[in-house]
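The values are calculated or read from the model by the stated rules, or taken from the named source; none is laboratory data. This one's a predicted model, so the numbers in the text were calculated from it and none came from an experiment. A quick note on method: Cβ atoms are made from the backbone with ideal geometry, for glycine too, and the neighbour counts reach across all protein chains shown.
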Amino acid sequence: MRSQTTQPRNSRGVLQFFVIGVAIVAASCRQDRGDEAIQHEAWVNGALACDRVEDALSESDEGRRRLDLPNAAEAVVLSGAAGPCGDQLLTWLTQELETRPLDLRPRLESRIVALGRFLLVRDERRSRALSTLGKLLLDPGQPILHQVEQVTYLGPGSQTASLGWYDIVTLETLEHWVAFTLAHENARRFYHLGGHPKDASDDAYRDLLIRYFTAGYGPHPKAAVQPVRLNHRGMLFGVHLAPPTPEKLGRGQSSFDLLWVDLVEAFRSSPDDTGWQSLPPELQSQLAAATSDRKPATE
């Protein structure tokens with residue numbers, strides 16, 4: 001009887017060992033598949049990127065294209081610029097934004113955002129994108145403006161009173177789109193490069209920032225256009241706001257505030273560059289203060 005009962009126990013032990021071994025191997029296989037799936041999330045197929053580009057460029061609905069263009073550009077960049085279709089998208093975007101006179105429409109925002117994605121690459125495509133964005137920021141020319149009338153209803157019926165006409169997209173808005181895109185993509189690039197200011201602030205971008213701040217704070221700075229008017233929502237329109245005073249840079253939401261951080265980092269990485277001499281003395285003082293331990297002087 002003992003010999004008869006010993007065999008089933010040994011069989012059960014072998015069976016348990018086998019089951020445990022299979023479970024460990026299965027768990028290992030599942031873990032390997034999981035790791036591959038996670039890695040796949042960070043990888044974009046070049047063919048998929050080209051499909052995105054084709055869909056975005058062939059789309060006739062500007063509402064959908066507003067979403068498709070930045071996503072297509074992101075896919076191109078993540079896939080390693082995706083060969084010819086990456087060049088096709090970049091060429092299309094630059095042509096749209098370098099046409100003069102520029103037709104100032106809301107659709108331009110998606111084109112600017114999409115072009116900004118190319119600032120993450122390290123080849124000549126970044127230079128082309130930066131050049132086009134710089135032209136919009138420094139010399140947009142005399143664009144075609146589109147206006148709409150705001151009205152208020154005086155009471156029952158159809159009697160209305162005009163609150164005035166305003167530009168649907170102003171030069172101020174265009175400038176803000178470009179500044180936000182430059183600041184946002186430069187922050188992403190700074191992160192991808194491991195936080196190395198000398199790598200993030202290249203010569204071309206530093207030169208663009210210097211020229212922009214020189215134009216804003218030079219002998220003929222941009223000034224507010226009077227009279228200042230409000231639309232029906234209480235928002236300013238028909239004006240080009242003056243840049244903030246140097247001691248208040250970085251505290252607001254103007255285009256100069258958005259780019260001030262990049263200007264400071266560019267100065268920190270190469271303070272001895274001769275280009276800084278073109279900036280007004282007040283800005284040079286603010287940069288020196290911002291890159292030192294002491295706080296900027298305010299009077």
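Here are the numbers:
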{"read-out": "Residue match in segment 180-189 (condition: at pLDDT 95 or above, among the hydroxyl-bearing types (Ser, Thr, Tyr) and not in a loop (DSSP other than H, G, I, E, B))", "value": "yes"}
{"read-out": "Subset tally (residues that are surrounded by fewer than 21 Cβ atoms within 10 Å (Cβ to Cβ) and either modelled with pLDDT under 95 or farther than 12 Å from TRP177 by Cα (or both)) for segment 107-119", "value": "0"}
{"read-out": "Of residues in segment 190-238 being at pLDDT 75 or above and of a type in the set (Lys, Arg), the one nearest to ASP123 (Cα to Cα)", "value": "ARG206"}
{"read-out": "Members of segment 48-71 that are surrounded by fewer than 15 Cβ atoms within 10 Å (Cβ to Cβ), under 28 Å from THR173 (Cα atoms) and among the hydrophobic types (A, V, I, L, M, F, W, C)", "value": "LEU67"}
{"read-out": "All positions within segment 87-120 that are more than 17 Å from VAL169 (Cβ to Cβ) and hydroxyl-bearing (Ser, Thr, Tyr)", "value": "THR91, THR94"}
{"read-out": "Residues satisfying the stated conditions in segment 120-142, i.e. among the aliphatic types (A, V, I, L, M) and either more than 12 Å from the chain's Cα centre (by Cα) or modelled with pLDDT of 95 or more (or both)", "value": "VAL121, ALA129, LEU130, LEU133, LEU136, LEU137, LEU138"}
{"read-out": "Among residues of segment 72-106, those that are crowded, with 16+ Cβ neighbours inside 10 Å and without any contact (Cβ under 8 Å) to a residue 24 or more places away in the chain, counted", "value": "1"}
{"read-out": "Selected residue (criterion: surrounded by the most Cβ atoms within 10 Å (Cβ to Cβ)) from residues of segment 257-290 that are assigned to a helix (DSSP H, G or I) and of a type in the set (Asp, Glu)", "value": "ASP262"}
{"read-out": "Condition check for GLU149: acidic (Asp, Glu) and surrounded by 14 or more Cβ atoms within 10 Å (Cβ to Cβ)", "value": "no"}
